[in-house]
Amino acid sequence: MADAHDSSHHHRYDHHDWDSPEYVSDWASGQDQKEKARQEPFQVLAETIPYDKAVPIRILDVGAGYGALTQFLLSRFPNATAICQDGSVEMAKLGQERMHHLKGRFEYALCDFSKPGWTRKLTGPFEAVVSAIAIHNAGSPKIIERIYSDIFPLVKNGGCFINFDRERPPLEDQMKWLRKAGFQDVQRFWTGETRALFGGFKR
Ligand SMILES: C[S@@+](CC[C@H](N)C(=O)[O-])C[C@H]1O[C@@H](n2cnc3c(N)ncnc32)[C@H](O)[C@@H]1O
């Protein structure tokens, strides 16, 4: 899997170790304290999804982890369901526990988004493809560009792809790749200190 430091190592993403139960558990407890700070961009994300809150939309959360964004969206869209895509069995386990109360409204799909063909397991279309602080883990700009073009066919006409992530690679490049993939009205919806909320629509 993608690793900026050792591409021959198959169990690490960037400097993280998402396959380690200890690493995942530590990351999740650290993240819990930061969760409050994410409420604002998550709220903007929910408002940017171009559907009425009552519509039974299908959501794909790319690199969903334990499902922080999925949970947030399923509470705002009470008739929605979600596919939580992730490459880490440990994260999926944690997500099953943490989202127990949402049983029946979400499923995990395990695959590595840095590998071509990762979307084969994902049955679209989705009204909303979303992602939070995950895609930068793919490491190389070329791979991120490809991931954006892989996502486009999964989005339903009238739907959107919205990503909350680091501005690394530079946001201008990422927005260019989104336009190249076919998304329209590509824009930044919210800006934080180190992260941005950006994406586009499929018309
Ligand atoms: C920083 S966590 C974010 C999790 C969640 N989206 C959130 O905001 O709480 C990054 C997630 O991306 C997943 N991930 C990283 N690289 C991946 C890859 N190549 N394929 C699939 N998932 C990957 C990790 O397993 C991890 O769950």
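Once label points are set 7 Å from the Cα along Cα→Cβ at both S75 and K103, what is their separation, rounded to one decimal in nm?
Rounded to a tenth, the inter-label distance reads 2.0 nm.
Would you mind checking which residues have amide H under 5 Å from Y108's amide H? H placed 1.01 Å from N; only 5 or more apart, or other chain.
Hits under the 5 Å cutoff: C84.
Per the 1.4 Å probe, what fraction of the accessible area of the chain, in percent, lies on carbon and sulfur atoms? Please list the in-between numbers first.
Values: 4920 of 9370 Å².
Heavy-atom surface of the chain belonging to carbon and sulfur, 1.4 Å probe: 53 percent.
Choose one of G159, I133, F77: the residue whose Cα lies farthest towards the positive end of the charge dipole of the chain (beta-carbon charges +1 Lys, Arg; -1 Asp, Glu; about the Cα centre).
G159
Find how much the distance from Q187 to F152 grows on full extension, using 0.36 nm per residue of separation minus their present alpha carbon separation; answer in nm with one decimal.
Values: separation 35, 0.36 × 35 = 12.60 nm, distance 1.56 nm.
Once the chain is fully extended between Q187 and F152, it gains 11.0 nm.
Tell me, what HN-Hα J-couplings in whole Hz come from the Karplus equation 6.51 cos²θ - 1.76 cosθ + 1.60 at θ = phi - 60° for each residue of segment 87-95, using x for Gly and Pro?
Once θ is set to phi - 60°, the couplings for segment 87-95 become x, 10, 4, 5, 5, 4, 4, 4, x Hz.
Given the pairs K142/K176; K115/K176; K142/K202, which are separated by over 19 angstrom at their Cα positions? If you can, show how the numbers build up before the last one.
Numbers: K142/K176 12 Å; K115/K176 21 Å; K142/K202 22 Å.
From K142/K176; K115/K176; K142/K202, over 19 Å: K115/K176; K142/K202.
Considering only DSSP beta bridges whose two residues both sit in the chain, what percent are antiparallel, to the nearest 5?
On the way: 13 of 33 bridges.
Once the DSSP bridges in the chain are tallied, antiparallel ones form about 40 percent.
Can you give the FRET efficiency to the nearest 0.05 for L171 and K142, using r as the Cβ-Cβ distance and R₀ = 25 Å? All intermediate terms of the calculation are to be shown ahead of the outcome.
Values: r = 17 Å, r/R0 = 0.68.
My answer for the efficiency is 0.90.
Give the accessible surface of the chain per residue, rounded to a whole number of Å², with probe radius 1.4 Å and ligands, DNA and RNA excluded.
On the way: 9370 Å² over 203 residues.
I get 46 Å² per residue for the chain.
Pull out the extension gain between T194 and S29, defined as 0.36 nm times the separation in residues minus the alpha carbon to alpha carbon distance; nm, one decimal. Could the numbers behind the result be given before it?
Numbers: separation 165, 0.36 × 165 = 59.40 nm, distance 2.05 nm.
Full-extension gain reported as 57.3 nm.
Under unit Cβ charges (Lys, Arg +1; Asp, Glu -1), what dipole magnitude, rounded to 20 debye, does segment 118-173 have relative to its Cα centre?
That gives a dipole near 280 debye.
To the nearest 20 Debye, how big is the dipole of the chain about its Cα centre, given +1 on the beta carbon of each Lys and Arg and -1 on that of each Asp and Glu?
The calculated dipole for the chain is roughly 800 debye.
The values are calculated or read from the model by the stated rules, or taken from the named source; none is laboratory data. Remember, it's a predicted structure, so these values are computed and weren't measured experimentally. Ideal geometry is used to build each Cβ from the backbone, glycine not excepted, and the neighbour counts take in all protein chains shown. Note: accessible area is taken over every heavy atom of the protein model, side chains too, but ligands, DNA and RNA are not part of it. Shrake-Rupley method; radii C 1.70, N 1.55, O 1.52, S 1.80 Å.
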